[in-house]
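The values are calculated or read from the model by the stated rules, or taken from the named source; none is laboratory data. Quantities reported herein were computed from a predicted structural model and do not represent experimental measurements. Here the Cβ positions follow ideal geometry from the backbone for every residue, glycine too, while neighbour counts run over all protein chains shown.
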Amino acid sequence: MKRTLPIALIAAGALALGLTGCGSSGSAADDGTLTVGVFLPGSVNDTGFMQSAYAGVDRVREQYGDQVEISYVEQVAAADYQQALQRFASENELVISVGGQTDADLRKVAPQFPDVTFVEIGGPADAEPMENLAYYDPQQAEAEFVAGAAAATSSTAGTIGFVGGVELPAIVNSAIAFENGADFARPGVRVLAPQYVGDFNDPAKAKQAAAAAYAGGADVLSQVVNLGKQGLEQAAQETGNRMSGGPIPGDCTNPVYTGYVKTDIGTEVEYAVTSMLDGTWEAAQVPFGLTTDKNGTDYVVCSTDPAVTQAVERAKSAIADGSVTPY
């Protein structure tokens with residue numbers, strides 16, 4: 001009842017095999033079980049968004065047992081997004097796609113399968129939901145505003161920076177929010193121009209970007225690069241500088257980390273499944289940020305400096321009471 005699709009599925013030939021034509025709808029299990037497909041373009045071991053989402057897949061299995069038949073596919077090349085989504089739509093009642101990089105293909109596929117429910121996690125915050133497509137927004141920018149406040153307060157050099165993966169709207173907004181949070185906590189702090197490496201999962205490119213930022217005077221960086229975070233960590237270790245981790249909070253005993261941006265994508269996977277089971281799903285933009293009660297986003301402080309903790313709490317409070325706009 002619980003299928004795991006192998007990585008081999010993403011090969012072009014395997015993707016083409018068994019695809020149904022446009023207009024076909026997802027199939028329900030014979031016993032009424034809800035069938036769910038989770039589309040993960042990256043690796044479930046990326047210590048980032050994909051791994052966080054996969055943790056939600058595991059929690060769904062534990063919580064719902066035979067009520068839900070859930071499968072996933074990982075590490076899909078961009079050229080194969082549409083075929084993979086079509087395949088999932090032909091086999092499932094609910095398709096959950098993780099990452100704004102899938103948005104264009106998902107918006108093409110959803111109208112082809114009007115009887116299938118789709119959810120995109122991390123898509124554009126201003127995207128218009130479709131009749132069968134909802135958007136779940138982790139509101140990364142809120143957390144990056146707080147990360148900016150933490151980085152600015154903990155910086156001894158007075159210069160900080162941000163490294164992003166693909167230059168998507170959500171990542172650009174996060175970079176802007178990081179700079180705004182830094183200025184909120186420490187007016188006049190120098191924030192380097194954000195760097196986008198063009199890939200969430202390339203540690204070598206991420207390391208190169210981080211090394212350039214550290215060479216440019218920054219001593220604390222924040223990031224949204226998933227597997228690429230390994231490269232940033234190496235650069236921080238080699239130069240004696242620091243960074244923000246996340247989206248999965250890690251061990252604060254690692255001295256390179258000033259804190260972690262927590263983004264629990266698994267919570268959003270669970271929310272989608274639960275809303276289908278209890279009949280509350282709606283085609284809407286659903287927020288999962290700091291100001292919601294869904295526990296999807298937070299910032300975890302590693303620094304022992306009380307000034308950093310205070311800056312983080314001030315930033316969170318300012319977002320909550322609406323006195324600041326993250327971006």
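Numbers below:
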item: Which listed residue is of a type in the set (A, V, I, L, M) and out of contact with any helix residue (DSSP H, G or I) (no Cβ under 6 Å at 6 or more places or on another chain), from ALA185, ALA206, ALA212; result: ALA212
item: Qualifying residue in region 186-203 (condition: under 28 Å from TYR135 (Cα atoms) and in contact with a Leu (Cβ under 6 Å, 6 or more places away or on another chain)); result: yes
item: Filtered residue count, region 212-237, keeping only those that are in contact with an Asp or Glu (Cβ under 7 Å, 6 or more places away or on another chain) and part of a strand (DSSP E or B); result: 1
item: Qualifying residue in region 247-261 (condition: under 27 Å from LEU94 (Cβ atoms) and part of a loop (DSSP other than H, G, I, E, B)); result: yes
item: Subset of region 46-56 [assigned to a helix (DSSP H, G or I), touching a helix residue (DSSP H, G or I) at 6+ places or on another chain (Cβ under 6 Å) and either closer than 12 Å to GLU74 by Cα or hydrophobic (A, V, I, L, M, F, W, C) (or both)]; result: PHE49, ALA53, ALA55
item: Any hit, region 269-285, residues being surrounded by 24 or more Cβ atoms within 10 Å (Cβ to Cβ), in contact with a Gly (Cβ under 7 Å, 6 or more places away or on another chain) and not assigned by TED's automatic domain parsing to the domain that holds VAL166; result: yes
item: Region 121-155, residues that are over 22 Å from GLY266 (Cβ atoms), of a type in the set (A, V, I, L, M) and out of contact with any Gly (no Cβ under 9 Å at 6 or more places or on another chain); result: MET130
item: Top-ranked residue in region 97-118 [being hydrophobic (A, V, I, L, M, F, W, C) and not in a helix (DSSP H, G or I); ranked as nearest to THR35 (Cα to Cα)]; result: VAL116
item: Residues within region 156-169 that are surrounded by fewer than 24 Cβ atoms within 10 Å (Cβ to Cβ) and either touching a Gly at 6+ places or on another chain (Cβ under 9 Å) or closer than 14 Å to GLY259 by Cα (or both), tallied; result: 7
item: Residues within region 68-80 that are of a type outside the set (Gly, Ala, Ser) and either farther than 17 Å from THR117 by Cα or touching a His at 6+ places or on another chain (Cβ under 8 Å) (or both), tallied; result: 5
item: Criterion: of a type outside the set (A, V, I, L, M, F, W, C), surrounded by 15 or more Cβ atoms within 10 Å (Cβ to Cβ), within 30 Å of ASP115 (Cβ to Cβ) and touching a residue at least 40 places away in the same chain (Cβ under 8 Å) - qualifying residue of GLY246, GLY289, GLY266; result: GLY266
item: Identity of the residue in region 294-327, assigned to a helix (DSSP H, G or I) and surrounded by fewer than 15 Cβ atoms within 10 Å (Cβ to Cβ), that ends up modelled with the lowest pLDDT; result: ALA320
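Condition check ((1) at pLDDT below 95; (2) under 17 Å from THR47 (Cβ atoms); (3) surrounded by fewer than 24 Cβ atoms within 10 Å (Cβ to Cβ); (4) among the small types (Gly, Ala, Ser)) across all residues:
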| position | (1), (2), (3), (4) |
| --- | --- |
| ALA185 | no, no, no, yes |
| TYR196 | no, no, yes, no |
| GLY216 | no, no, yes, yes |
| GLU238 | no, no, yes, no |
| THR253 | yes, yes, yes, no |
